[in-house]
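Some notes on the structure that comes next.
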Amino acid sequence: MKRICIATIFLTALCWGQAPAPPADDPLAQTLFEPELVMKFRQEINLDDNQYRAIKDAIQKAQTRFLDLQWDMQSEQQKLVQLLKAQPIDEGTALLQVDRLLNQEREVKKTQLSLLIRIKNILSISQQAKLNELRHKP
């Protein structure tokens, strides 16, 4: 349940454009570039207008998907809560519902990774190198 709540918090933050910063020891975070980092250093990496529009479009599409997933996850979570209130709990049905909920969580992670991959692919190799330098500066 803790993972579900964290995912919901992350989704809410991301949908409002305030995604939490990834941990410094996260290998994916060191390989990919979150939107906030790219926008923060837009001028320093010489992001052109076409790249800006492409990244903005990718973010908007992802946010729409995140919102849909958030609603779906909340619905699946409510169904699970109702199943867990039963006396006795039907273990098979409850576990099937957990699978549905975890599938939603998997889709969230897949959408997050897809966005980060798209952003990296929009950036040139020199822009990526510059962002890697800048991400470690305060």
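The values are calculated or read from the model by the stated rules, or taken from the named source; none is laboratory data. Not measured: the values here are computed from a predicted model. Glycine gets a Cβ as well: all are built from the backbone with ideal geometry, and neighbour counts include every protein chain shown. In case anyone asks, the SASA skips ligands and DNA or RNA and just uses the protein heavy atoms, side chains included. Shrake-Rupley method; radii C 1.70, N 1.55, O 1.52, S 1.80 Å.
Annotations for the structure displayed:
- Tabulated pairs, the stretch 33-46, first under 12 Å from LEU123 (Cβ atoms), second of a type in the set (A, V, I, L, M, F, W, C) and in a loop (DSSP other than H, G, I, E, B), C-beta under 6 angstrom, 6+ apart or interchain: none
- Tabulated pairs, the stretch 102-131, first hydroxyl-bearing (Ser, Thr, Tyr), second surrounded by 15 or more Cβ atoms within 10 Å (Cβ to Cβ), C-beta under 7 angstrom, 6+ apart or interchain: THR111/ALA62; THR111/ARG65; THR111/PHE66; THR111/LEU69
- Where helices (runs of 4 or more DSSP H) fall wholly inside the stretch 19-138, the ranges with 3 or more residues that are open to solvent by 50 Å² or more (accessible area, probe 1.4 Å) and basic (Lys, Arg) are 49-85, 91-122.
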